[in-house]
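Chemist: Input: one structure, supplied below.
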Amino acid sequence: MTETAVEEFRELTEPYLRELQVHCYRMLGSVQDAEDALQDTLLAAWQGFAGFEGRSSLRTWLYRIATNRCLNARRSAGRRRARERGREWDVPNVEPPAPTRLGEVVWLEPLPDALYEDPATPGPEARYEQSEAVSLAFVTALQLLPPRQLAVLILRDVLGFHAAEVAEMLDASVESVKSALKRARATLEYRRPTAPAPAPGSPAEEAVVAAFARAWESADVDAIVALLTDDVFMSMPPMPFEYAGRDLVARFCTSIFASGRRFTLVATRANGQPAFGAYLRTPGGISHGVGLYVLTLTGDRIGALTRFENSLLSRFGLPRSVPDR
């Protein structure tokens, strides 16, 4: 193709790149895997662009390619082989309580809010709000669905494509799409929060976030526990440990602070939720990045706390270390 054709392709596809990346993230649960799938999508679209005859909209055509690239990734026998086993507990001098269970979605990664601005407007058949459909709880639940059911549920209930459009994308019949959607809805283990989260940046959200930061930085377990819902849930991919309930999460926090570990928190956002880079204080006056915490708010309480590895800090524009405050 000529340089003019390359520029035309870039101009036509650029408006859809961000929403396609979020789509791939929902399908795969990993930002890195989503980036790889998006690049595969663009390569396939470029190679097939000359044959695109406008039988569907360009957006629909791109979603068809992206969805099938993600399905191929999920079905690959070697995909995430090492990560699916999870990581062993590796926090020095900390003996955590026995977890409630071992999680399955150990490859889960948080999505920086910077990649989620200006979400696609869902079609009329969408059942989930766009902010809800990128939350950690929802993305985690999606990962447990069989690949075809996952694709159908996202295309129908999140993006609002019609059943006939989804059937075209997946080379399937309308009846098989309807059947897959029915099964996906029946098996999706996702509970909507009992109380909606405060609006992002609102005084209500800022109050909870500030209270958590004060309590965590001062190692005040009682103050942390006072912010939690009774059924609070804690997870820490790629370590598979999961803790359910206020008492067990309190015991976990106690085990962290009893070791003498103290932290400095730096605010950011992930998956439309408040988040913090966590930095471990040292005698030298420098705090070193050890993880990323994402809070799921339920009303004026914290309903879930997810901890990720420090390798993700740079993706959120956070430094490797900060001066102690």
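No value in this document is a laboratory result; all are computed from the given coordinates. Being a predicted model, the structure only gives us computed values, none of them experimental. Cβ atoms come from the backbone with ideal geometry, glycine included; neighbour counts cover every protein chain shown.
Chemist: As an exercise, identify the trypsin sites (Lys or Arg not before Pro) in region 173-260 lying in DSSP coil whose Cβ has no more than 14 other Cβ atoms within 10 Å.
Modeler: Within region 173-260, the qualifying trypsin sites (Lys or Arg not before Pro) (loop, at most 14 other Cβ atoms within 10 Å) are Arg191.
Chemist: Hey, what angle do you get for helix 58-75 against the long axis of the chain, alpha-carbon based, 0 to 90 degrees rounded to 10?
Modeler: It is inclined by approximately 60 degrees.
Chemist: Let me ask something else about it. Could you list which residues have their amide H under 5 Å from that of Phe241, counting only those 5 or more apart in sequence or on another chain, with H placed in the peptide plane?
Modeler: Here Gly103, Met236 satisfy the definition.
Chemist: Quick one: what are the phi-derived ³J(HN,Hα) couplings along region 192-205, Karplus 6.51/-1.76/1.60 with θ = phi - 60°, whole Hz, x for glycine and proline?
Modeler: Karplus-based 3J(HN,Hα) across region 192-205 equals 5, x, 5, 9, x, 6, x, 4, x, x, 6, x, 5, 5 Hz.
Chemist: Relative contact order for region 223-325 using alpha-carbon pairs under 8 Å, separation at least 6, rounded to a whole percent?
Modeler: Taking the mean separation of contacting Cα pairs over the length of region 223-325, I get 26 percent.
Chemist: Separate question: Taking θ = phi - 60°, what integer Hz values does the Karplus form 6.51 cos²θ - 1.76 cosθ + 1.60 yield along region 159-166, in sequence order, with x for Gly and Pro?
Modeler: Those phi angles translate into 8, x, 5, 6, 4, 5, 5, 5 Hz.
Chemist: Of the options Leu17, Ala34, Asn93, report the single residue whose Cα projects farthest towards the positive end of the charge dipole of the chain (beta-carbon charges: Lys, Arg +1; Asp, Glu -1).
Modeler: Asn93
Chemist: Based only on other Cβ atoms within 10 Å, what is the fewest-to-most ordering of Ile256, Ile224?
Modeler: Arranged by neighbour count, lowest to highest, Ile256, Ile224 become Ile256, Ile224.
Chemist: A further question on this structure: Please arrange Thr187, Thr296 by how many other C-beta atoms lie within 10 Å of their C-beta, fewest to most.
Modeler: So the ranking, lowest neighbour count to highest, is Thr187, Thr296.
Chemist: Same structure, new question: Using a 10 angstrom Cβ neighbour count of at most 10 plus a DSSP loop assignment to flag exposed GluC sites (Glu not before Pro), which longest range of the chain is free of such sites?
Modeler: Of all site-free stretches, the longest is 190-325.
Chemist: What whole number of Å gives the distance from the Cα centroid of region 107-158 to the Cα centroid of region 12-73?
Modeler: Computed from Cα coordinates, the inter-centre distance equals 15 Å.
Chemist: While we're looking at this one, here's another question. Helix-derived [θ] at 222 nm for the chain: sum -39500 (n - 2.57) over DSSP H runs of at least 4, divide by residue count, nearest 500?
Modeler: One gets -12500 deg cm²/dmol as the mean residue ellipticity at 222 nm.
Chemist: Continuing with this model, one more query. Pull up all non-local amide H partners of Glu309: gap of 5 or more, or a different chain, and H-to-H distance under 5 Å with H placed in the peptide plane.
Modeler: So Glu309 has HN proximity to Leu292.
Chemist: Right, something else. Just grab the label-to-label distance for Ser56 and Ala5, each label 7 Å out from Cα along the Cβ direction, in nm (one decimal).
Modeler: With each label point 7 Å from Cα toward Cβ, the separation is 2.3 nm.
Chemist: Restrict the search to region 240-325; then list the chymotrypsin sites (Phe, Trp or Tyr not before Pro) that DSSP places in a loop and that have at most 11 other Cβ atoms within 10 Å of their Cβ.
Modeler: none
Chemist: Let a ≥ b ≥ c be the square roots of the eigenvalues of the Cα gyration tensor of region 203-323; is it rounded (a/c under 1.5), or, if not, prolate (a/b larger than b/c) or oblate?
Modeler: rounded
Chemist: While we're on this one: Taking 7 Å along the Cα-to-C-beta vector as the label spot, tell me the Glu95-Ala244 distance in nanometres, rounded to one decimal.
Modeler: Those two pseudo-labels are separated by 2.6 nm.
Chemist: Per residue of region 292-300, in order, report the coupling 6.51 cos²θ - 1.76 cosθ + 1.60 (Karplus, θ = phi - 60°) as ³J(HN,Hα) in whole Hz, putting x for Gly and Pro.
Modeler: Each residue's phi maps through the Karplus curve to give 10, 9, 10, 9, 10, 8, 10, x, 9 Hz.
Chemist: With charges only on Cβ, +1 for K and R and -1 for D and E, what is the dipole size of region 122-238 about its Cα centre, in debye, rounded to 20?
Modeler: 500 debye
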